[in-house]
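Take a look at the structure set out below.
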Amino acid sequence: MRKLPWIPAWLATAILLAGCATAPTGRSQLILVSDADMNRMGVTTFDRIKSQGKVAKDPGRQRYVRCVADALIAQLPAQWRQQPWEVVLIADDSANAFALPGGKVGVHTGLLKVAANQDQLASVIGHELGHVVSRHAAERVSQQFAADAALKVLDAGTGGEQRALLGLLGVGAQAGVLLPFSRKHESEADILGQRYMAAAGFDPDAAAALWRNMVAHSGGQRAPAWLSTHPDPQQRIRELEAAAPSLRPVYQQARAAGRRPDCE
């Protein structure tokens with residue numbers, strides 16, 4: 001009987017400790033990189049974007065996106081709320097935004113053509129902040145690190161056995177492991193972002209409205225849901241619509257407490 005390839009102790013330990021980190025939704029995570037390392041990566045990436053001359057020269061809209069972001073950041077858990085945040089309007093026609101470890105937020109000018117009001121903009125920025133709080137970037141880096149290590153371990157095999165193992169890994173990585181995790185990241189960020197916007201005094205119904213705008217803006221061009229790293233837009237809209245009523249009391253309490261963002 002052929003022996004299995006030797007597995008390094010560090011990889012075995014990483015697998016055993018995969019549940020040592022927990023996302024805000026309660027899901028176990030594999031995290032192999034430190035927050036400090038991820039913060040450095042985020043800051044370096046953000047500085048590179050700015051150095052490429054992508055910062056929009058529009059003080060009025062810059063104040064607008066900063067106002068929305070600040071209201072949301074004030075509702076984050078203390079670890080993230082208390083760190084300095086930089087929010088920048090990026091000159092890019094795509095309807096997008098991003099948040100990076102290290103307290104960096106970028107909002108594309110193209111998003112302001114799709115997000116019809118401050119509540120819809122808050123749904124996108126809140127979603128991106130949800131990725132940071134959930135440490136999704138660190139999880140992605142860790143998954144890739146573990147996958148690369150696994151491929152090196154499999155190199156110890158030869159012939160048909162190695163090809164079979166690599167084939168199984170390819171199927172698992174592309175359809176059974178990495179893509180579902182990525183879709184889970186998006187769904188988790190949706191859940192957290194909608195919570196943050198309600199707690200900040202933004203209407204949680206606006207999250208579904210924003211995605212209806214996104215679908216209209218894209219002209220319905222969309223890859224099949226099962227091949228996408230993002231949830232199907234119509235499914236996403238249904239889930240956001242279903243979650244909004246339970247967040248209505250949170251929104252009303254925020255408004256009653258004086259959290260009434262006036263960014264427009």
Exercise. What distance in nm separates the simple spin-label points at residue 217 and residue 55, each placed 7 Å from Cα in the Cβ direction?
Worked result: 2.4
Exercise. Do you know the relative contact order of the stretch 10-129, to the nearest whole percent, from alpha carbon pairs under 8 angstrom that are 6+ apart?
Worked result: 22
Exercise. Excluding same-chain residues fewer than 8 positions from residue 50, which aspartates and glutamates have a Cα within less than 14 Å of its Cα?
Worked result: 86, 92
Seminar exercise, completed: So, with points 7 Å from each Cα along the Cβ direction, the residue 35-residue 253 label distance in nm works out to 2.5
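Values in this text are rule-based calculations from the coordinates and carry no lab data. Here the structure is a predicted model, which is why all the values come from computation and not from measurement. Because the Cβ atoms are built from the backbone with ideal geometry, glycine has one as well, and the counts that use them run over all protein chains shown.
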